[in-house]
Amino acid sequence: MRFGIAVFPGTWSDRDCAHAVTLSGHEAVMLWHKESDLHGADCVILPGGFAHGDYLRCGAVARFAPLMQSVTDFAAAGGLVLGICNGFQILCEAHLLPGALTRNESLEFRCEPAWLRVETSSSPFTAQCVRGDVLQVPVSHGEGRYVADEATLDELERESRVAFRYVAPDGAPVDGASPNGSMRDIAGILNARRNVLGMMPHPERAAETLLGSSDGMRIFESLTHAVSHDGSLANIW
């Protein structure tokens, strides 16, 4: 399986994502933002960082990169797209996911461990998880508070498109005491076709026990199981 990893000016988590992909036994190729060729990627990762310095709104400039038009077309054709942190912000700016990411409720940059409850296993990103599993995956952001109107939030809940929710280490609700104050403690969401995931926590930073947790590898393992040997989605979720 080949993972294409987007690189914008200011991206800094691209090599971390490539390392996690390598640990999962697959190939990573870097995709420069000015290019439009996805180089045969089976999954595109939009990694964390500060694309274009996060001027204007986070991801607002990156959204217009030539690469993003190809990513949009790829997603529309059913291709897998994973946006992590800044990548999540870009996906929202590109309208590949609903809602927006705003300043943390604390108005502080938060870099700390976080615990995520898996809210659905019915996606190629969570197929190797069980609903209710709690994953330790760190956060590192200043603008990670997920917001959306009530109708959108209700739709996400109704369609089981909330992929991850911030919880206490034992899985209990944190009731708004998440690292960023996200509405309904949302940490990650899926699009309607379930082939695009945006999440603020960094699974690539929880890819091996040396880092304090290897729980993030569950996402990479799910992706590799979701793609068949011929490169098409196996529809196993």
Scanning region 12-34 residue by residue, those assigned to a loop (DSSP other than H, G, I, E, B), modelled with pLDDT of 95 or more and surrounded by fewer than 17 Cβ atoms within 10 Å (Cβ to Cβ) turn out to be Lys34
When region 193-210 is checked residue by residue, the ones that are surrounded by fewer than 17 Cβ atoms within 10 Å (Cβ to Cβ) and either touching a helix residue (DSSP H, G or I) at 6+ places or on another chain (Cβ under 9 Å) or of a type in the set (S, T, N, Q) (or both) are Arg193, Glu208, Thr209
Among Tyr146, Tyr166, the single one that is open to solvent by less than 10 Å² (accessible area, probe 1.4 Å) and farther than 21 Å from Ala192 by Cα is Tyr166
Filtering region 50-77 down to residues that are within 24 Å of Thr224 (Cα to Cα) and surrounded by 19 or more Cβ atoms within 10 Å (Cβ to Cβ) yields Leu67, Met68, Ser70, Val71, Phe74, Ala75
Selection over region 35-47 where residues are charged (D, E, K, R) and crowded, with 19+ Cβ neighbours inside 10 Å yields a count of 1
When every residue in region 190-224 that is in a helix (DSSP H, G or I) and β-branched (Val, Ile, Thr) is compared, the one nearest to the chain's Cα centre (by Cα) is Ile219
For region 1-22, pairs from a residue that is touching a residue at least 12 places away in the same chain (Cβ under 8 Å) to a residue that is polar (S, T, N, Q), with Cβ under 7 Å and 6 or more apart or across chains, are Met1/Thr224
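The values are calculated or read from the model by the stated rules, or taken from the named source; none is laboratory data. A quick note: this is a predicted structure, and the numbers were derived from the prediction, not measured. All Cβ positions, even for glycine, are placed from backbone atoms using ideal geometry, and neighbour counts span all protein chains on display. Surface areas here come from the heavy atoms of the whole protein model, side chains and all, with no ligands, DNA or RNA. Shrake-Rupley method; radii C 1.70, N 1.55, O 1.52, S 1.80 Å.
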